[in-house]
Amino acid sequence: MPTRGRKGAHHAVAGLEAADLAAHRTAFGEPLIASYRDVTVATHPPNSSGIVGLEILRIMERFAPPDPASLAAGRGAGPDWTHAAIEAAKLALADRDAFLTDPDAEQVPDDAILSDAHIADLAASIDPLRARASAPSRLPRGGGTVFLGVVDRDGNAVSLIESNYMGFGSGVVDAATGIAYQNRGSFFSLDPARANRLAPRKRTLHTLMPAVLLRGGLPWVIVGSMGGDAQPQIHAQVVAALVDGGLAPEAAVSMPRWFVDPEAHLEPPRVVRVEPRVGRETVDGLRARGHVVDVTEPFASLLGHCHVIELVDGGPAVGGTLAAATDPRSEGLPAAW
């Protein structure tokens, strides 16, 4: 459809056609699954960053659990666990940049990334006393994500994330249909050697990772977070709080939080954004290990949002109940009817 530019020239702007919508096929894939302690974690497979969250958890399973006293006191996981988890996140993000893309276009080595041998090598490479230099990133920063979790009285559970990236996406609306274009395509690489290189009819990698935790093969916790690259890091912290700390949903999502972040587009993730509520011991401990630490405001929204529903004693379908909490950093709200 033609549009008129500022100087009167006509520019062709490609719009959606009926054939584009007719050709669309929704993908129904198998979840990506890994264990953490005695819990099964199921999340979205590639091209999502679910594999990044699982990789962080699998690495952290090889370290001592967070300090339970620190978790119970609301100070987070303590300096030792936090340092190791930051290092695990750097390693997992580097694997994401190297391998994650549309599996319909190129094979993503899920099994190799989550294999015992690879996880053991990564865990062994973490120096408990020193931060490593982050690998260069080839992906932009930012996000614009909404999470929805639902459990009904019959025990059916949904963990859902939607995103058009960066608020209103591209800011371009198709005049014929009113459909707004997202801009996740900015994650594509123009380097032909990259797995996530730009190509026709290809999906880019993205940061979304809705998840379900299962115990005994049954849903136990519905969990999802928002925050771009922070999502898999938030996921690991909340799962550790629930599993290792035995915290209730409200305490788990309210726990002081951190994530390692690039300072600008395509820079290495090297700045650790951390809430002051972790306490001076953790902040000083991270700095002593060589981390660049940016102390945020308490409950800063930039540290992402995470929401949780727990099926207590199996949930209402088997005589139990539900417990739900939304992140105090967000405008979310748990509701029941």
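Values in this text are rule-based calculations from the coordinates and carry no lab data. Remember, it's a predicted structure, so these values are computed and weren't measured experimentally. Glycine also receives a Cβ, built like all others from the backbone with ideal geometry; neighbour counts cover every protein chain displayed.
What to note about this one:
- Cut-off 12 Å between beta-carbons: net charge of the residues surrounding Asp67, Lys and Arg +1, Asp and Glu -1: -2
- Here segment 212-230 and segment 54-113 have alpha carbon centers that stand 15 Å from each other.
- Residues whose amide H falls under 5 Å from that of Ser189, counting only those 5 or more places apart or on a different chain, are Arg197, Leu198, with hydrogens built in the peptide plane.
- Per-residue [θ]222 nm for the chain (sum of -39500 (n - 2.57) over DSSP H runs n ≥ 4, rounded to 500): -7500 deg cm²/dmol
- Ordering Leu93, Leu122 by the number of other Cβ atoms within 10 Å of each residue's own Cβ, fewest first, gives Leu122, Leu93.
- Reciprocal mean inverse distance between Cα atoms of segment 72-151 - Kirkwood radius, Å: 15.4 Å
- Positive minus negative residues near Leu32 (Lys, Arg vs Asp, Glu; Cβ under 12 Å): -3
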